[in-house]
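One structure is given below, encoded as structure tokens.
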């Protein structure tokens, strides 16, 4: 992969701003890029603690930085400061990213503007910083600026052929233990140039188990005789999922299965867990590395969808009470929020439970018009529980039966 210097000044604005935004996102894996408005440029927001963000403002000013360019930067800076105020978050750092090194006069004027907005830290990221980013993420430079996207498409085809067993083995033969090491080395080389995702390959004598790992977005497996070849796909940074999204089209047939139909409705409304049996589902997956395709006769699992941040959140803990026939509270129990999910139709489900999981309160809410349903569940089986864990739960359970 070539490491020659990028001709930043010869890139058009769209090409420059998009490429540099992706470089910033790769350097700050939690960052996300936004196109703020008609004045041009791209902002990259990086979480920096609770309700705090670092902001990288990408502008393409290759030829000069004078009065007009300064006014455009000032306008964008004031706009993002106003957005942060309205949305209730704080700018901890602000960085101007342009293909020019700073000049003392305009640097001082930006400094004054930054101070007036109460932003504690800022920097001018010019040519030197851009060259450093490019050297650090050469695969992105190759992909966006040097024709690497087309070459990578060819490599993906090769990768898919290797995984499917179309190459390296004679027709009609099965993968043997002696073939595994060489095949994995070929797979690693074929996948190594992906600028957005990385791949981990392994083998076992059984299908993969459900796993939860940071940045893991997909697990694929192919059976070759008694052996299984596993491929784990990890996003290199959060913006990779919007740049090359993973999409799935699922067809579900609930005919003749009222329980499945109800579970599917709960999933759509509230984002709850859903398991679709192989007899009722088919799917078309678009996964990185050419690992997708049509899936028939396969059981499909959907895990709960965590409600998006930004809106008001329900209480993290609540206290429920038990009243006797006269209305007096005879027992109380503290419940902690266990889950908060949302469905594609806009409904929300909140579940609170005690520390033992024996008592659970679930609220389901739909909006327009507002409808709220509640389920209260108690489990009387305390076998295997430590007495210390039940000291607050048992009195509440007993008092509900009086």
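Laboratory data are not the source of any read-out in this text; all were calculated from the coordinates shown. None of the values given here were measured: they were computed from a predicted structure. Positions of Cβ are generated from backbone atoms using ideal geometry, with glycine treated the same way; all protein chains shown enter the neighbour counts.
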| message | Please compute the modelled spin-label separation between residue 303 and residue 212, points set 7 Å along Cα→Cβ, answer in nm with one decimal. | response | 0.6 nm
| For the range 212-245 and the range 46-71, what is the separation of their Cα centres, given in Å? | 34 Å
| field | Rounded to 5, the percent of DSSP beta bridges in the range 1-123 classed as antiparallel | value | 45 percent
| field | Cα shape, the range 262-302, gyration tensor, a/c 1.5 rule | value | oblate
| For residue 374 and residue 85, FRET efficiency with R0 = 41 Å and r from the beta-carbon atoms, rounded to 0.05? | 0.65
| On full extension of the chain, what length is gained from residue 112 through residue 35, given 0.36 nm per residue of separation minus the C-alpha to C-alpha distance? | 25.2 nm
| How long is the gain from residue 205 to residue 222 if the chain were fully straight, where each residue apart is worth 0.36 nm and the alpha carbon distance is subtracted? | 5.0 nm
| task | Give, in nm to one decimal, the length gained when the segment between residue 337 and residue 286 is fully stretched (0.36 nm per residue of separation minus the Cα-Cα distance). | result | 14.9 nm
| request: Taking 7 Å along the Cα-to-C-beta vector as the label spot, tell me the residue 64-residue 295 distance in nanometres, rounded to one decimal. | output: 5.8 nm
| query | Going by a ≥ b ≥ c, the root eigenvalues of the Cα gyration tensor, does the range 244-361 fall in the rounded group (a/c under 1.5), the prolate group (a/b larger than b/c) or the oblate group? | reply | prolate
| For labels at residue 273 and residue 246 in the simple 7 Å Cα→Cβ model, what's the distance in nm? | 1.9 nm
| Which order results if 372, 44, 322, 351 are arranged by neighbouring Cβ count within 10 Å, fewest first? | 372, 322, 351, 44
| query | Which of rounded, prolate, oblate describes the range 8-145, given a ≥ b ≥ c as roots of the alpha-carbon gyration tensor eigenvalues and a/c under 1.5 marking rounded, otherwise prolate only if a/b is larger than b/c? | reply | oblate
| task | Fewest Cβ neighbours within 10 Å first, please rank 25, 206 accordingly. | result | 206, 25
